[in-house]
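The values are calculated or read from the model by the stated rules, or taken from the named source; none is laboratory data. Only a predicted model underlies this, so the values are computations on that prediction, with no experimental measurement involved. Here the Cβ positions follow ideal geometry from the backbone for every residue, glycine too, while neighbour counts run over all protein chains shown. Accessible surface areas use protein heavy atoms only, side chains included; no ligands, DNA or RNA. Shrake-Rupley method; radii C 1.70, N 1.55, O 1.52, S 1.80 Å.
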Amino acid sequence: MKIICAGLGKTGTKSISKALRHLGFTVFDYEEQVFDFLDHWVDVFQNGAKPDVKRLYQDVDAVVDAPGNIFWEEILEAFPDSQVILSERDEDSWLKSLTNQLEVVYSVPKYQRFYRTILSPTSRKMAFVNNSWLNSALGTSNQKSTCVIRKRYRAHNHRVKSLVPPEKLLVYNVNEGWKPLCDFLGCEVPTAAFPHENVKGEYFKLLLSATRYGKQCIWEIQMAVFVILSVIVAIIATFLVLFYNYF
């Protein structure tokens, strides 16, 4: 582990993740952290287990986004030579972007959320971990609780700035582009444009379909539907056989 990105979501974390990969670093973003260690995070948020950050992050260069960004202290303790990047943006802009993404998340029809969590164990666990992280990081999963969310944003950023030694910390806005990031990491500035990812919450839609997580959930739902239909067909067939024999 070389780089701990401690910034909360909607501070350019997806753009930073892509930028770090472009610079040649191996990165654990949200999906890799949660999907690859799903049962462990359920244990952390449900049973009070301490996150085994040494095991989770030993084979990667950088961790970005949730849930690592709320366990940045534990990660830094386990990997004390790591550098820390705190991505932040104007508070009003951040709050608007965050609440917009939460609206995208909760705009999924209730019946879809219901059958996904009922038919897919993976979806059920991911939903639990995601809601637990939101409550831990923001104090709420209700996008209307803006006062609480603002206070948590300020407190999180202040704690990072207060505890990380200045020589190990980069306070960074993705609008600054490549140079401050590359200067901090000792990398050559690329000629490619700096990434601009997850515009208007588009990553959430991708997460539900095109990622390994999305594909796993779809497969589990399809298998569950197949089993249910098979049972129904078997019951109907048994009924017809009994009816035929009776008459």
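What are the residues in the range 193-224 that are modelled with pLDDT of 80 or more and surrounded by 10 or more Cβ atoms within 10 Å (Cβ to Cβ), if any? Correct list: 194, 195, 196, 222, 223. Taking the conditions (1) within 17 Å of the chain's Cα centre (by Cα); (2) more than 23 Å from residue 186 (Cα to Cα); (3) assigned to a helix (DSSP H, G or I) in turn, residue 8 satisfies each one other than (3). Of the residues making up the range 169-183, those that are open to solvent by less than 40 Å² (accessible area, probe 1.4 Å) and assigned to a helix (DSSP H, G or I) are 174, 178, 180, 181, 182. Check the range 105-115 and report whether any residue there is surrounded by 15 or more Cβ atoms within 10 Å (Cβ to Cβ) and closer than 26 Å to residue 73 by Cβ. No, the range 105-115 contains no residue that is surrounded by 15 or more Cβ atoms within 10 Å (Cβ to Cβ) and closer than 26 Å to residue 73 by Cβ.
The residues of the range 133-167 that are open to solvent by less than 40 Å² (accessible area, probe 1.4 Å) and within 16 Å of residue 73 (Cβ to Cβ), listed by number, are 133, 137, 156, 157, 160, 164.
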